[in-house]
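Below: one structure, written as structure tokens.
The numbers here are math on the coordinates, done by the rules we state, and not lab data. Being a predicted model, the structure only gives us computed values, none of them experimental. For neighbour counting, all protein chains shown are included, and Cβ atoms are generated from backbone atoms with ideal geometry for every residue, glycine included.
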Amino acid sequence: MYEENGARETGAASDNAVWLATEVQKEPWTVKLYLINLGYCDVDKGRVLTPGSGVGERIIIPIVGYLIETESGSRILVDSGMHRKHIAQPDATFGGTEFGNYLTPIMKPEHDIRRRLGELGLTAEDIDILVSTHFHFDHAGNHGDFGRSRIVTQRAAYVYAKENPGRFPADCWDLPHLRYELIEGDLEIVPGVTLLSTPGHVPGHMSVLVRLPKTGAIILAIDAIYTLENLATDNWTGYHDPEEAQRSAHRLKALAEREGALLITGHDPGQWAGLRLAPDYYD
Ligand SMILES: [Zn+2]
């Protein structure tokens, strides 16, 4: 399979979608969802998350990846966290920039995605599909580890990141050995795991709906909803396209209500403190 598809996939999204869906049709259900802590960032709340509220107030937000296991043993990783260079050099990405005044990575060796997978008895080679929700530094930092995985992302996110390599550090994800499969819109990649198009934070941003046998539905909002406060105050002014972001967030909220789903936001320290974290899992 790897040899056949070694070249970067940039074909029609519909082809990819069909291929993805048929490839894995035998798999009956997802069985486990791990929430993986990949470090933290010390941020100016009002500058980074909630414009107009908490400007100058520093808070520590979690950086997160997610691992989904299916009954047949397939593994899907959602995002790869900050690049491990931030362990030794927190200002590696934003040093000397204005944004660097508002955000400082906090990353220890145990926050490295390879270490975290190792704690679960896994290596990067065990990941069948990497879902890249978007290409910001805290979500796509270690994509380079996943040269054996199929990497699924929205075409719009990929194109936008390609056009803005400074804002989406290209040395972390735009690498010749990586195979991207570009999709457009929603896609159920395996039964029980649906990628949701939730643009607004950036073009082509994705969230993920996971249906688990015991817990039921969980929605990983990722950066479509940074924190529960953004949802409660309907504040999307810090987003690339606030109106589109609002539509995406409202869509997730409605979906969560309809499904009775646990809605997990992307960077909320308060919500994070109450969740079950790896090596524990939701099933
Ligand atoms: Zn983020």
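Summary table below
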quantity	calculated
Hits among aspartates and glutamates - C-alpha to C-alpha of LYS214 under 19 Å, sequence gap 8 or more where chains match	GLU27, GLU69, GLU71, GLU257, GLU259, ASP280, ASP283
Local net charge near TYR282, Cβ-Cβ under 13 Å (Lys/Arg +1, Asp/Glu -1)	+1
Listed residues LEU35, LEU120, LEU252, most fluctuating in the chain (Gaussian network, C-alpha, under 10 Å)	LEU120
Which of TYR66, TYR158 has the fewest Cβ neighbours within 10 Å, and the rest in rising order	TYR66, TYR158
Residue among ALA221, ALA245, ALA88 with the largest mean-square fluctuation in a Gaussian network model of the chain, springs linking Cα atoms under 10 Å	ALA88
Relative exposure of PHE135, PHE94, PHE99, judged by other C-beta atoms within 10 Å (fewest first)	PHE99, PHE94, PHE135
Reachable lysines, given that their alpha-carbon falls under 23 Å from the alpha-carbon of LYS45 and they are not under 8 places away in the same chain	LYS108, LYS253
Most mobile of THR198, THR237, THR265 in a GNM of the chain (Cα contacts under 10 Å)	THR237
DSSP-assigned coil residues among trypsin sites (Lys or Arg not before Pro) in region 216-282, each with at most 14 further Cβ atoms within 10 Å	ARG276
Of all DSSP beta bridges in the chain, antiparallel share, percent nearest 5	70 percent
Inter-probe distance in nm under a simple model that places probes 7 Å from Cα toward Cβ, at GLN89 and ARG258	4.7 nm
Whole-Å distance, taken between Cα centres, linking region 159-222 and region 29-53	16 Å
Gap separating the Cα centres of region 90-122 and region 244-260, nearest whole Å	30 Å
Exposure proxy ranking, count of Cβ atoms within 10 Å, fewest first, for ILE59, ILE222, ILE264	ILE59, ILE264, ILE222
Over the chain: helical MRE at 222 nm, DSSP H runs n ≥ 4 each giving -39500 (n - 2.57), nearest 500	-6500 deg cm²/dmol
Contact order relative to length of region 8-273, as percent, for alpha carbon pairs under 8 angstrom and 6 or more apart	19 percent
